[in-house]
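The values are calculated or read from the model by the stated rules, or taken from the named source; none is laboratory data. Since the model is a prediction, treat every value here as computed from it, not as a measurement. Note that we place each Cβ from the backbone using ideal geometry, even for glycine, and neighbour counts take in every protein chain shown. To get the accessible areas, we keep the full protein, side chains included, count just its heavy atoms, and leave off ligands, DNA and RNA. Shrake-Rupley method; radii C 1.70, N 1.55, O 1.52, S 1.80 Å.
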Amino acid sequence: GVDGVLASADILEELAWLGALDDRLAIGTMNRGGIIGASWELDDRLTAYDVDHVESCGLDGGKTLLRIDHTDAGVARTIETVAAITTQLADRRLMAMIEPLPYVKDSSGRAVLDTSDEALIKVVAVASGLGSSSAYTWLKVPGSDRMAEVAGATTLPILMLGGDPGSDAERTFARWGAAMEAPNVRGLVAGRSLLYPHSAEPEDAIRRAVSIVHGGMR
């Protein structure tokens, strides 16, 4: 029931050798240069797949990370890079998956995720306008209790990320199920919350997520 995999080359290449990507989507992650805790954390430069290798490796598209903090000058370079990559992928008719996330600095100067829906709505709107074409652009955003408003900030299709695994799995699944009611919310790209569920086996968590996406729990 899993439609595909989003990963870096080390994972995708091994899955390809195993034949696990046959008849499935394969999306390569691209700008992963911002290391958590580093002084340059939000300067997410291209360090994994580039556009040429997304195409030459036969992947279906590439994913860019766009973490926006209004106080960090490195974010400007990231916005420009994501816009250019989005255009280049569209020119090749390949999916451009953008993951826009709002960030702020805490009292110690560390970059932390801004979990407010208002901030998420704003970065979704920013990401929607990047590139010379949106014909192949999808957004990857956190699930929200106000997903109708978040999804309403864009005309682009949305996939929800899973976030950190937590103890309240029922709330996570309920949020995903409710969010799928928005017409442009099309599925999940959920990693740790399914691979490392708090109180279930990964296979059970994945089956439940599959049922949400493909209609069993809407």
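In summary, Arg32 fulfils each of the numbered conditions (1) open to solvent by 20 Å² or more (accessible area, probe 1.4 Å); (2) over 21 Å from Thr137 (Cα atoms); (3) in a loop (DSSP other than H, G, I, E, B) with the single exception of condition (2). Total residues in segment 118-148 satisfying the condition of being of a type in the set (Asp, Glu) and at pLDDT 95 or above: the figure is 1. For segment 120-154, name all the residues that are under 17 Å from the mean Cα position of the chain (by Cα), of a type in the set (S, T, N, Q) and part of a loop (DSSP other than H, G, I, E, B). Residues satisfying the conditions are Ser134, Ser144, Thr154. Go through the residues of segment 102-109 one by one and say whether even a single one is surrounded by 16 or more Cβ atoms within 10 Å (Cβ to Cβ), modelled with pLDDT of 95 or more and under 19 Å from Asp50 (Cα atoms). Within segment 102-109, not a single residue is surrounded by 16 or more Cβ atoms within 10 Å (Cβ to Cβ), modelled with pLDDT of 95 or more and under 19 Å from Asp50 (Cα atoms).
For the criterion of being of a type in the set (S, T, N, Q), within 21 Å of Leu156 (Cβ to Cβ) and not in a strand (DSSP E or B), Thr115 fails. Here is the figure for segment 35-67: residues that are within 18 Å of Ser108 (Cα to Cα) and either buried (at least 18 other Cβ atoms within 10 Å of the Cβ) or of a type in the set (Ser, Thr, Tyr) (or both) total 3. Considered as a group, the residues in segment 68-101 that are hydroxyl-bearing (Ser, Thr, Tyr) and closer than 23 Å to Ile158 by Cα include one that is surrounded by the most Cβ atoms within 10 Å (Cβ to Cβ), and that residue is Thr86.
Residue-by-condition table, conditions (1) under 30 Å from Thr81 (Cα atoms); (2) open to solvent by 40 Å² or more (accessible area, probe 1.4 Å):
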| site | (1), (2) |
| --- | --- |
| Asp117 | yes, no |
| Val124 | yes, no |
| Gly129 | yes, yes |
| Tyr136 | yes, yes |
| Arg146 | yes, yes |
| Val150 | yes, no |
| Glu170 | no, yes |
| Val189 | yes, no |
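Looking only at segment 21-35, which residues are free of Cβ contacts under 8 Å to residues at least 12 places away in the same chain and over 23 Å from Ala84 (Cβ atoms)? Asp22, Asp23, listed by residue number. Among residues of segment 191-209 that are within 18 Å of Ile11 (Cα to Cα) and open to solvent by 80 Å² or more (accessible area, probe 1.4 Å), those with a Cβ under 7 angstrom from a residue that is outside any loop (DSSP other than H, G, I, E, B) and at pLDDT 85 or above, sequence gap 6+ or separate chain, pair up as Leu195/Pro202.
Checking each residue of segment 156-179 against the condition of being at pLDDT 90 or above and assigned to a loop (DSSP other than H, G, I, E, B) gives at least one match. Remark: Val54 falls outside the filter, which requires a residue to be in a strand (DSSP E or B) and over 30 Å from Arg208 (Cβ atoms). The single condition among (1) modelled with pLDDT of 90 or more; (2) outside any helix (DSSP H, G or I); (3) buried (at least 18 other Cβ atoms within 10 Å of the Cβ) that Ile212 does not meet is (2).
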